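This report refers to the structure that appears directly beneath it.
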Amino acid sequence: MPIVALAFHEHMATEKLNRYFATNAAGGESRGISCPDCSLAFAVVLVNREDTRNEKHILDLRTLIKEDCIGGLHRDEYTLAVETRADN
């Protein structure tokens, strides 16, 4: 499954974004979101700015972040991947 969006804990964001954009072709987009429960900020990297499902990817990441929130504690990184189907 190809990765379509990433979210990083704010303390890891700068390092991760620099590493990501240094190794991947242009065409991505970054945005900020926060945990709906504790308001902790995350930087989101959308791999393809032209993907019409980006808004859904952001909502899905926000759901992952909310479900993982334990009194404001979170993992450092969340990755969202979607299945692609081969066109026959």
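The values are calculated or read from the model by the stated rules, or taken from the named source; none is laboratory data. Please read all numbers here as calculations on a predicted model, not as lab measurements. For neighbour counting, all protein chains shown are included, and Cβ atoms are generated from backbone atoms with ideal geometry for every residue, glycine included.
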Please list, ordered by first then second residue, the pairs with beta carbon atoms under 8 Å, 6 or more apart or interchain, first in the stretch 45-58 and hydrophobic (A, V, I, L, M, F, W, C), second in a loop (DSSP other than H, G, I, E, B) and exposed (fewer than 14 other Cβ atoms within 10 Å of the Cβ).
VAL47/PRO2; VAL47/ASN24; VAL47/GLY27
Residues (polar (S, T, N, Q) and over 16 Å from LEU6 (Cα atoms)) located in the stretch 53-88:
THR84, ASN88
Here the residues within the stretch 65-81 that are modelled with pLDDT under 90 and in contact with a His (Cβ under 8 Å, 6 or more places away or on another chain) are ASP76, GLU77
Looking only at the stretch 65-88, which residues are among the basic types (Lys, Arg), over 16 Å from ALA13 (Cα atoms) and either part of a loop (DSSP other than H, G, I, E, B) or touching a helix residue (DSSP H, G or I) at 6+ places or on another chain (Cβ under 6 Å) (or both)?
ARG85
When only residues in the stretch 22-64 that are part of a helix (DSSP H, G or I) and touching a strand residue (DSSP E or B) at 6+ places or on another chain (Cβ under 8 Å) count, which is modelled with the lowest pLDDT?
ASN54
